[in-house]
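Working notes, structure below.
The values are calculated or read from the model by the stated rules, or taken from the named source; none is laboratory data. As the structure is a prediction and not an experimental result, all values here were calculated from the model. Here the Cβ is made from the backbone with ideal geometry for all residues, glycine too, and neighbour counts use every protein chain on show. Only protein heavy atoms, including side chains, enter the accessible area calculation; ligands, DNA and RNA are left aside. Shrake-Rupley method; radii C 1.70, N 1.55, O 1.52, S 1.80 Å.
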There are 2 protein chains.
Amino acid sequence: MQNSIRIGIAGYGNLGRGVETAIHKNPDLQLVGIFTRRAPESVSPCFAETAVFHMDSLSDFQDKIDVLILCGGSKDDLPQQGPVLASQFNIVDSFDTHARIPEYYASVDAPATVNKKTALISIGWDPGMFSINRLFGEALLPDGETYTFWGKGLSQGHSDAIRRVDGVKAGVQYTIPSNDAIEQVRSGARPVLSTKDKHTRECYVVLAEGADAAAVEQAIVTMPDYFADYNTTVNFIDEATLAKDHQRMPHGGFVIRSGNTSDEQKQVLEFSLKLDSNPEFTASILVAYARACYRLNQMQQYGAKTAYDVAPGLLSMKSPEQLRAELL
Amino acid sequence: MQNSIRIGIAGYGNLGRGVETAIHKNPDLQLVGIFTRRAPESVSPCFAETAVFHMDSLSDFQDKIDVLILCGGSKDDLPQQGPVLASQFNIVDSFDTHARIPEYYASVDAPATVNKKTALISIGWDPGMFSINRLFGEALLPDGETYTFWGKGLSQGHSDAIRRVDGVKAGVQYTIPSNDAIEQVRSGARPVLSTKDKHTRECYVVLAEGADAAAVEQAIVTMPDYFADYNTTVNFIDEATLAKDHQRMPHGGFVIRSGNTSDEQKQVLEFSLKLDSNPEFTASILVAYARACYRLNQMQQYGAKTAYDVAPGLLSMKSPEQLRAELL
């Protein structure tokens, strides 16, 4: 009998690199290799011993991989890859387009079920750990309100939007949760707050040569959907500062449930994350859920599943007996 | 087919009253009644319509109760009641003597399994929600340290200890988490901290007539096990102040996991509770897990289980489809 769970990585960007790194922190997991659409010899893995294969060779590995972690994007990669790969492998992915989860779930559930595979979808911190805490909040305090705050974090979509503005050479955007709003919520007051009441947006912009700073700032802060409804600040910096201070990918946030168990008794439950690296933490979650995915498949729990379907104990390296004795 | 899950309450102190109140916040649950060792007519329930029965009549209710919530204490009540009642009912309890959980688990597992019942033990916030978060922390950040802080909260055991001191007429003790220690942990520094480094103890004492305040203070702060190793402060108050300001049962605490996904990247995960009423919140958790207990039993998951064995989705009133569409 094999001693460790054999993992494959499909797709090798920031998330794939994070998964490769995380597997090294989990002695019961073993990395079979990275599968990429690029030429394998052009890929430099984080660890010299990591094998790199072309994505086209994946089907040769059906008996050699227990769980395949899909590290592609939610927009273009996963909707294509998920349904196909779930018919051949147990998979874990981080599909994070909230509005499309039911549709994606269905597209993966059918092939996984028919082929007796387990597909854990939408794993990460939001959706994922934040979703679990939103559910805990509702279930434990049915009379209450839930608040999700994001940040301080680098937002990829908003950074892209800045870079499309005329006169912008480079730039990044951070989403900042409002401390005032957080303190209101923590007090148990149950305020009504929109997303824009809860967050401000901070931009760091490098101007193109000859660009007009005032015009760029105006174009950013009035941009519909992205910035117009928010309290947005624009800071102009030089390229050296951008390179030095804004290359990391921090993120995080808060899920707070404020509720009453009776008229007089307020109860506040809070879950928060402070992440130096968003992709590395997301990857670390995917890896723990790969362990659970393997165990669910061994228990003949086939088809698509989400974080809501996974008992916490399945995530741990420890046995149920150890967990009860040491950690409960 | 019945529309709601039928709940019984065994034992009617602060926790039992909390369960009675919590059931009213959960429209899919229905309270069959309270079962007490006292004379039923001597018990005044929180809601006039609540039926009260003698504990001896419980076995007549085997077909009328889907889940029995045990609200007795961990020291004397549960070790007696748990194994007996788990042979007749699906049960949920809050057994919280951490060191004895494996022994208690075994004593309940055997009768529950033989009789096809489900017994969810050690449910609450510690053990319970804090345990889940300790496990999440370890599993998601295997290279890290976990810190549990308790408070600000009223400690029953320490309040009892104060009241046994000569010259003390009445008193309460609060456990206070150290802000300095919490900030150190949040920074990702991974300090080595003992329980006493993480907490201070605050006592509010009413002196007996003629008692010597200095002697009482000395007796408290030097009391072995309870206070000697802690930074303890003693405040003397009068009976009216005790009655006015110290009758509530607040509690709470923090579980913080600080870890690294790689050498450069620190990640911090934090779960915290701020509770006006410890027994009401614990009761509210028991009630949500009663729903899960019923569902596990319907899924033929028999025997003893803990919070580690319960998938989050089982706690919610909502269907899996709703949860994926609305909350994930």
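Facing chain B (nearest Cβ under 7 Å) and open to solvent by 10 Å² or more (accessible area, probe 1.4 Å): is that true of A:Arg324 in this structure? I'd like the intermediate steps shown before the answer.
On the way: facing chain B (nearest Cβ under 7 Å): yes; open to solvent by 10 Å² or more (accessible area, probe 1.4 Å): yes.
So A:Arg324 passes the test.
State all residues of segment B:164-176 that are open to solvent by 40 Å² or more (accessible area, probe 1.4 Å), outside any strand (DSSP E or B) and touching a residue at least 24 places away in the same chain (Cβ under 8 Å); if no residue qualifies, say none. Spell out how you get there, then give the answer.
Within segment B:164-176, the subset open to solvent by 40 Å² or more (accessible area, probe 1.4 Å) is B:164, B:166, B:169.
Those left that are additionally outside any strand (DSSP E or B): B:164, B:166.
Across segment B:164-176, the qualifying residue is only B:Asp166.
Table: residues versus (1) more than 21 Å from B:Leu328 (Cα to Cα); (2) touching a helix residue (DSSP H, G or I) at 6+ places or on another chain (Cβ under 7 Å).
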{"position": "A:Glu145", "(1), (2)": "no, no"}
{"position": "A:Trp150", "(1), (2)": "no, no"}
{"position": "A:Asp160", "(1), (2)": "yes, no"}
{"position": "A:Ala181", "(1), (2)": "yes, yes"}
{"position": "A:Ser187", "(1), (2)": "yes, no"}
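Among the residues of segment B:221-232, which ones are open to solvent by less than 60 Å² (accessible area, probe 1.4 Å) and β-branched (Val, Ile, Thr)? Write out each step before concluding.
Quick first cut of segment B:221-232, residues open to solvent by less than 60 Å² (accessible area, probe 1.4 Å) only: B:221, B:223, B:227-228, B:230, B:232.
Those that are open to solvent by less than 60 Å² (accessible area, probe 1.4 Å) and β-branched (Val, Ile, Thr): B:Val221, B:Thr232.
Residue-by-condition table, conditions (1) open to solvent by 20 Å² or more (accessible area, probe 1.4 Å); (2) outside any loop (DSSP other than H, G, I, E, B); (3) more than 27 Å from B:Gly124 (Cβ to Cβ); (4) out of contact with any strand residue (DSSP E or B) (no Cβ under 6 Å at 6 or more places or on another chain):
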position	(1), (2), (3), (4)
A:Ser122	no, no, yes, yes
A:Ser131	no, yes, no, yes
A:Phe136	no, yes, no, yes
A:Ala139	no, yes, no, yes
A:Pro142	yes, no, no, yes
A:Thr146	yes, yes, no, no
A:Ile162	no, yes, yes, no
>> Quick check on my filter: what residues within segment A:306-321 are within 9 Å of chain B (Cβ to nearest Cβ) and in a loop (DSSP other than H, G, I, E, B)?
In response: A:Thr306, A:Val310, A:Ala311, A:Ser316, A:Met317, A:Lys318
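Given the condition assigned to a strand (DSSP E or B), farther than 23 Å from B:Thr282 by Cα, open to solvent by 30 Å² or more (accessible area, probe 1.4 Å) and touching a Phe, Trp or Tyr at 6+ places or on another chain (Cβ under 6 Å), answer yes or no: does some residue in segment A:234-248 qualify?
Residues of segment A:234-248 assigned to a strand (DSSP E or B): A:234-236.
Then keep just the ones that are farther than 23 Å from B:Thr282 by Cα; that gives A:234-236.
The next check asks that each one be open to solvent by 30 Å² or more (accessible area, probe 1.4 Å); those that pass are A:235-236.
Keeping just the survivors that are touching a Phe, Trp or Tyr at 6+ places or on another chain (Cβ under 6 Å) gives A:235.
Looking through segment A:234-248, at least one residue is assigned to a strand (DSSP E or B), farther than 23 Å from B:Thr282 by Cα, open to solvent by 30 Å² or more (accessible area, probe 1.4 Å) and touching a Phe, Trp or Tyr at 6+ places or on another chain (Cβ under 6 Å).
Could you check segment B:65-101 and list, in sequence order, the residues that are of a type in the set (A, V, I, L, M) and away from chain A (no Cβ under 14 Å)? Reasoning before the result, please.
Here is the first cut: in segment B:65-101, the residues of a type in the set (A, V, I, L, M) are B:65, B:67-70, B:78, B:84-86, B:91-92, B:99, B:101.
Residues satisfying the conditions are B:Ile65, B:Val67, B:Leu68, B:Ile69, B:Leu70, B:Leu78, B:Val84, B:Leu85, B:Ala86, B:Ile91.
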>> Just to be sure I understand, how many residues within segment B:5-41 are in a loop (DSSP other than H, G, I, E, B), touching a Leu at 6+ places or on another chain (Cβ under 9 Å) and within 14 Å of another protein chain (Cβ to nearest Cβ)?
In response: 2
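With a cut-off of at least 2 residues that are open to solvent by 10 Å² or more (accessible area, probe 1.4 Å) and more than 23 Å from A:Ala325 (Cβ to Cβ), name the strands (runs of 3 or more DSSP E) lying wholly within segment B:42-111. Let's see the steps before the verdict.
Values: elements: B:52-54, B:67-70, B:90-93.
Where strands (runs of 3 or more DSSP E) fall fully within segment B:42-111 and carry at least 2 residues being open to solvent by 10 Å² or more (accessible area, probe 1.4 Å) and more than 23 Å from A:Ala325 (Cβ to Cβ), they are B:52-54.
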> How many residues does segment A:145-168 contain that are at pLDDT 95 or above and on the phi > 0 side of the Ramachandran plot?
Replying inline: 1
> Got a sec? Which of B:Val216, B:Val206 is more than 14 Å from chain A (Cβ to nearest Cβ), in a strand (DSSP E or B) and either in contact (Cβ under 8 Å) with a residue 60 or more places away in the chain or of a type in the set (A, V, I, L, M, F, W, C) (or both)?
Replying inline: B:Val206
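Return the residues of segment B:189-209 that are farther than 15 Å from B:Glu239 by Cβ and of a type in the set (Gly, Ala, Ser); say none if nothing qualifies. Can you show your working first?
Start the filter on segment B:189-209 by keeping residues that are farther than 15 Å from B:Glu239 by Cβ, which leaves B:189-203.
Those that are farther than 15 Å from B:Glu239 by Cβ and of a type in the set (Gly, Ala, Ser): B:Ala189, B:Ser194.
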>> Looking only at segment B:255-286, count every residue that is at the interface with another protein chain (Cβ under 9 Å from one of its Cβ atoms) and either open to solvent by 30 Å² or more (accessible area, probe 1.4 Å) or under 28 Å from B:Ala211 (Cβ atoms) (or both) and tell me the total.
In response: 6
> How many residues does segment B:25-42 hold that are in contact with a His (Cβ under 8 Å, 6 or more places away or on another chain) and more than 17 Å from B:Leu15 (Cβ to Cβ)?
Replying inline: 2
> Which pairs do you get when a residue that is within 10 Å of B:Tyr147 (Cα to Cα), found in segment B:182-196, comes within reach of a residue that is open to solvent by 70 Å² or more (accessible area, probe 1.4 Å), reach meaning Cβ atoms under 6 angstrom, with the pair 6+ apart or on two chains?
Replying inline: B:Arg190/B:Glu145; B:Pro191/B:Gln184
>> Please go through segment A:219-235 and give me each residue that is charged (D, E, K, R) and touching a residue at least 12 places away in the same chain (Cβ under 8 Å), ordered by number.
In response: A:Asp229
> Has segment B:114-137 got any residue that is away from chain A (no Cβ under 14 Å), modelled with pLDDT under 95 and closer than 30 Å to B:Asp56 by Cα?
Replying inline: no
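Can you report the number of residues in segment A:254-305 which are of a type outside the set (A, V, I, L, M), outside any strand (DSSP E or B) and under 14 Å from the mean Cα position of the chain (by Cα)? Step through it out loud before you land on a result.
Of the residues in segment A:254-305, the ones of a type outside the set (A, V, I, L, M) are A:254, A:257-267, A:270-272, A:274, A:276-282, A:284, A:289, A:291, A:293-295, A:297-298, A:300-303, A:305.
From the residues that got through so far, the ones that are outside any strand (DSSP E or B) too are A:263-264, A:276, A:278-282, A:284, A:289, A:291, A:293-295, A:297-298, A:300-302.
With the extra rule that they be under 14 Å from the mean Cα position of the chain (by Cα), the set shrinks to A:276, A:278-282, A:284, A:289.
The qualifying residues number 8.
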